[in-house]
Every structure is written in C-alpha cells, then in structure tokens.
Amino acid sequence: MTVVAANTYAFEGLPDEVAAGLGPMRRGKVRDVIDLGDRLALVATDRLSAFDQVLGLVPHRGQILNQLSAWWFEGLADLVPPHIVAAVDPNVSIVEKCDPLPVEVVVRSRLTGTTSTSLWTRYESGRRRIDGIDFRDGMVKNDPLPRPVITPTTKARSGHDQPLSEADVISGGWVGAERWDQVRTVALELFDRGQQTAQAAGLVLVDTKYEFGIGPGDRLTLIDEVHTPDSSRFWRLATVESRRQAGLEPENLDKEIVRLAYAAAGYRGEGTPEPLSDTLAAETAAAYRQVFEVLTGAPLQPAPYPAESRIAAAVATSPHARRVGNGAR
Ligand SMILES: Nc1ncnc2c1ncn2[C@@H]1O[C@H](COP(=O)(O)OP(=O)(O)O)[C@@H](O)[C@H]1O
Ligand SMILES: [Mg+2]
C-alpha cells in the first residue's frame, strides 16, 4: 500500500519502530491494528481510502471516526454487544478481539451510488434483480426503497469485495443459517435506530456497512466501526427534497464527496487514481466534522499533531490493553 499524498498536518499511521514496542501490527487500509492478545488496539489514521486504495490524508479523519464510532457503540449497545472496551486516545479504541464473520453486512435505503457494485450503477445498466432483491422499473437515482435491504459482500483481504445475495451467504457456507438470521435482524434494528438518530440530527442515514464478529462467550458482537461517514452515506435532510426536485444530487456529507469528485474527473475505478488534492481533503474533513458534531451534539476537540508518540503512549499505558482476572469471559 502506498500513501500517494502527504500532508504534514495529518496522521499517516504508526511508524514500524513505534508499533514494534506495542505488539504485532497489521496495517489495514485506514487503521493500524495492534494485536494485544485477547484484545486489539484499533488505531484510526487519517488515511482515506476509496476504490479499495488509499488516496491520501484527511486531517482529523482518524479521530472523528474513532470518536464517532465510540459514541454510536454506546448508544447501540442495547441492540447488540459492541466490541469496544475503551477509547483510550482520540485516535485509539481498545476492543475485544473477535472472530470476524467473513461477510460485510451492507444495509441500504436508497437506489444510489457511483461505483460498479452500487445499486444505482447496476440498476442503470438494466438489472432488476440485484443481490437477490427485485426492483421495479422506472426508478431514478436516489429514489427511496420501499424498505431497507441487505446486500452482503465477501470481505476480501485485498482487492474488491464480491457482492452476494443473502441466499448465497448461507448456501455458500459463509455464515450458518441461524447465525445469519440473527445478523440480519440485528442489522435492520441497528439501521432503524441509526436512521432515527440521524434524522433527529438533520441527516439522512442512506446506507451503511456493518461488520460482526464472534466475541467472548460466543456472542454475536458488533465490530470495526459503525455509522461513520466512511462506512455510511449521510445526506443533509433539509435539502434532500428541494435538490431532488431541481434534479440535483443531495448534499453528501461522507466519502461520496470523494467518489463523486473522482467520477466527475473521469475516474471510474480502473487504473491508478490521482492523489487526493488538498482542496478535496479539506472539503471531506469539513463534512466529516459536521457529521460528528451534529450527531454527538458536541464540538470536535481537535487532538494535536504530531500524534504518533501520544498514541503510542496511550496504548502502552492503558489499563484496558489486557483483560484482567478471570471474570471477563
Ligand atoms: N473486534 C475486532 N476483532 C477482530 N478484527 C476486527 C475487530 N474490529 C475490526 N477488525 C478488523 O480490523 C481491521 C480494521 O482496519 P481497516 O483499516 O478497516 O482494515 P481493512 O483494510 O481490512 O478494511 C479490519 O480488517 C476489521 O475487519
Ligand atoms: Mg475496513
């Protein structure tokens, strides 16, 4: 993986020699994951990925995603146990290490998107049965669906995720039938809560992606991140209808800003994309920040840069980094 744009005032990730003192590290596209034994330290960086590649750095992106996820995990904990143990730094959460289910659970409420796997792209190309779901003729981009749908994808370690129908998930042996039934019920409950919460904050939660794992005690656990502008589409509620009537795209407050800008510049996901421009990085940072602030109702308190030594110290000294006693399981 290469970071193609550098920004002095952003957090690119933990240098190898810093991570080495904390535990074995795996670099995901956007997070550095440190293995602490029973637990993981998820270190959210400012790397922005789209089209399955890192395009550049977005200031405070890591902090926003980490803190917003922590906020949601707490608010959703009555629906499903979350993996989070503690947010020990603006950029770091200590989480229970789970056995991740091999599928990502995408829930969608609108016919939208720009990439080859999006509902709109596939509908526009003439398909009316997509991921096992039937769509009526005559729909236009961004139309609401009669009810939220689940479109699972495989979780590829690298490269593109493959779309699956719910039936494929079970027949392909990705997840057992009973477990899948539990997953789909929980995913729809989470999405319903997410939509209501977003609406109260003046946003539309259009779609999202959940990851689940099996945690301590064989419990279905919500892992990764939740309802962030990286994993979800958010539209500004106040202007959705007026812009739609004017034939305009909604105001996107999420990573779609980046995808649309690249699409407008002619990039369709093939070949190497241009590095993220400073202007687009700043626009994305502002949108992410807005989503954080309207949802949590609190101003973002930007953590200082450079972040590396602060983050390393937070992981090294956290009392949550190891499970203690025998009561935790
Ligand atoms: N509680 C957890 N237990 C095990 N793995 C997790 C947990 N939470 C998140 N993960 C995994 O950690 C990684 C987070 O880093 P990320 O940058 O998102 O990686 P990726 O490029 O694979 O999407 C993901 O692979 C995610 O599935
Ligand atoms: Mg990920």
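The values are calculated or read from the model by the stated rules, or taken from the named source; none is laboratory data. Treat the numbers as computed from the prediction; the structure is a model and nothing was measured. Cβ sites come from the backbone with ideal geometry, for glycine too, and all protein chains shown count toward neighbours.
Structure values in brief
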| item | result |
| --- | --- |
| Residues of the stretch 9-33 that turn out to be farther than 19 Å from ALA321 by Cα, within 14 Å of ligand 2 (Cβ to nearest atom) and charged (D, E, K, R), as a count | 1 |
| In the stretch 34-89, residue nearest to ligand 2 (Cβ to nearest atom) [restricted to those that are small (Gly, Ala, Ser) and farther than 26 Å from PRO275 by Cα] | SER69 |
| Options ASP218, ASP224: the member that is in contact with an Asp or Glu (Cβ under 8 Å, 6 or more places away or on another chain), closer than 30 Å to GLN182 by Cβ and surrounded by fewer than 22 Cβ atoms within 10 Å (Cβ to Cβ) | ASP224 |
| Output for the stretch 185-220, where each listed residue is within 16 Å of ligand 2 (Cβ to nearest atom) and touching a Cys at 6+ places or on another chain (Cβ under 6 Å) | GLY213 |
| Matching entry among VAL240, VAL258 (being assigned by TED's automatic domain parsing to the domain that holds ALA198 and under 23 Å from the mean Cα position of the chain (by Cα)) | VAL240 |
| Residues within the stretch 184-214 that are away from ligand 1 (no atom under 16 Å from the Cβ) and basic (Lys, Arg), tallied | 2 |
| Selected residue (only one of LEU22, LEU76, LEU57, LEU68 is farther than 23 Å from GLY215 by Cα and in contact (Cβ under 8 Å) with a residue 12 or more places away in the chain) | LEU57 |
| Test: residue in the stretch 127-150 that is within 20 Å of the chain's Cα centre (by Cα), small (Gly, Ala, Ser) and either part of a strand (DSSP E or B) or more than 20 Å from PRO216 (Cβ to Cβ) (or both) | no |
| Verdict on ASP218 being within 16 Å of ligand 1 (Cβ to nearest atom), touching a residue at least 60 places away in the same chain (Cβ under 8 Å) and out of contact with any Pro (no Cβ under 8 Å at 6 or more places or on another chain) | no |
| Number of positions in the stretch 155-203 that are free of Cβ contacts under 8 Å to residues at least 40 places away in the same chain and within 23 Å of ALA70 (Cβ to Cβ) | 3 |
| Some residue of the stretch 262-280 being within 21 Å of the chain's Cα centre (by Cα), acidic (Asp, Glu) and farther than 26 Å from VAL88 by Cα | no |
| Sole exception among (1) in contact with a helix residue (DSSP H, G or I) (Cβ under 7 Å, 6 or more places away or on another chain); (2) farther than 30 Å from ALA238 by Cβ for ASP218, by number | (1) |
| Residue in the stretch 154-186 that is farthest from VAL54 (Cα to Cα), counting only those that are touching a strand residue (DSSP E or B) at 6+ places or on another chain (Cβ under 8 Å), at pLDDT 95 or above and among the charged types (D, E, K, R) | ARG179 |
